[in-house]
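Chemist: Input: one structure, supplied below.
The values are calculated or read from the model by the stated rules, or taken from the named source; none is laboratory data. Being a predicted model, the structure only gives us computed values, none of them experimental. Ideal geometry is used to build each Cβ from the backbone, glycine not excepted, and the neighbour counts take in all protein chains shown.
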Amino acid sequence: MREPVLIGIAGASGSGKTTLTNQLVTRIREELPNHSVAVMREDYYYLDQTDVPMAIREQTNYDDPAALEHGLMLEHLRTLRKRRSVHVPQYDYAVHNRKPEMRNLGPADLIVVEGLFILHCRDIANLMDLKVYVDTPLDMCLARRLTRDINERGRTPDSVVAQYLKTVRPGYKSFVEPSKGFSDIIIPAMLPNPRAVDVLSAQLHHALTQPFITGA
């Protein structure tokens, strides 16, 4: 049995990574219903802060790779490469900590890996068969982040803007933007972009239906 195909989708916070991921997963499931698809989100791997007071959790810089357990993520991806399932953490943004329960993931024919730093972390990037960077203007990213964090994560506008200026934008400049050069495909401004979805789904369709797949 051949190895699964791994596609990595990176970009700034609010760039449209999740939108693109969801569109690709839907397209592949429609076009190749006999192929299984799994999604791994880098956010699952924010460090366990159970023993850290909430006041300190709220000041943690979540826009630095050091805030995530990339070693565990890498271990899980290598296990999925072997077509074995893993138990991944789940994350609660409201309390800045992992949930008590884990979730079973995989095995699958296609694994979509989404996150800020997946191209910055070279060991993780090197596992990807296709590396995609969503390149969206920062003002658009901030607008989306405001809407998301206020509506879905219970944040205030002032707190979202303060965090953006203190950690999000600096983290993007230091870690995320430089990783764009490691991508295979750059997608500009992930608005409704059916052509981009067409191109990527065609690439994945080809990879999934070829007689042999060479892993990383």
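Chemist: Which residues, taken from the stretch 91-116, are assigned to a strand (DSSP E or B) and closer than 21 Å to Ser36 by Cα?
Modeler: Met102, Arg103, Asn104, Leu105, Leu110, Ile111, Val112, Val113, Glu114, listed by residue number.
Chemist: Within the stretch 30-59, restricting attention to residues that are touching a strand residue (DSSP E or B) at 6+ places or on another chain (Cβ under 9 Å) and in a loop (DSSP other than H, G, I, E, B), which residue is surrounded by the fewest Cβ atoms within 10 Å (Cβ to Cβ)?
Modeler: My answer is Thr50.
Chemist: Could I ask something else about it? Starting from the stretch 79-107, take each residue that is within 30 Å of Arg2 (Cα to Cα) and list its partners that are hydroxyl-bearing (Ser, Thr, Tyr), counting only C-beta distances under 6 angstrom and pairs at least six apart or across chains.
Modeler: Val86/Thr79; Val88/Tyr44; Pro89/Tyr44; Asn104/Ser85; Gly106/Ser85; Pro107/Ser85
Chemist: Let me spell it out: the conditions are (1) farther than 27 Å from Arg169 by Cα; (2) at pLDDT 95 or above; (3) in contact with a helix residue (DSSP H, G or I) (Cβ under 9 Å, 6 or more places away or on another chain), and Val39 meets all of them except one. Which number is the exception?
Modeler: Going through (1) farther than 27 Å from Arg169 by Cα; (2) at pLDDT 95 or above; (3) in contact with a helix residue (DSSP H, G or I) (Cβ under 9 Å, 6 or more places away or on another chain) one by one, Val39 breaks only (1).
Chemist: Please list, ordered by first then second residue, the pairs with beta carbon atoms under 9 Å, 6 or more apart or interchain, first in the stretch 4-15 and more than 22 Å from His76 (Cβ to Cβ), second assigned to a loop (DSSP other than H, G, I, E, B) and among the charged types (D, E, K, R).
Modeler: Going by the 9 Å Cβ cut-off, the qualifying pairs are Ser13/Asp63.
Chemist: Given the residues Leu119, Leu6, which is the only one that is of a type in the set (A, V, I, L, M), crowded, with 19+ Cβ neighbours inside 10 Å, modelled with pLDDT of 95 or more and outside any loop (DSSP other than H, G, I, E, B)?
Modeler: Result: Leu6 is the single residue among Leu119, Leu6 that is of a type in the set (A, V, I, L, M), crowded, with 19+ Cβ neighbours inside 10 Å, modelled with pLDDT of 95 or more and outside any loop (DSSP other than H, G, I, E, B).
Chemist: Tell me the residue from Val199, Val168, Val161 that is out of contact with any strand residue (DSSP E or B) (no Cβ under 7 Å at 6 or more places or on another chain) and more than 20 Å from Ser13 (Cα to Cα), please.
Modeler: Val199
Chemist: Filter the stretch 122-147 for residues that are in contact with a Gly (Cβ under 7 Å, 6 or more places away or on another chain), closer than 17 Å to Thr18 by Cα and part of a helix (DSSP H, G or I) and give the result.
Modeler: If the condition is that a residue be in contact with a Gly (Cβ under 7 Å, 6 or more places away or on another chain), closer than 17 Å to Thr18 by Cα and part of a helix (DSSP H, G or I), then Cys141, Leu142, Arg144, Arg145 are the ones that fit.
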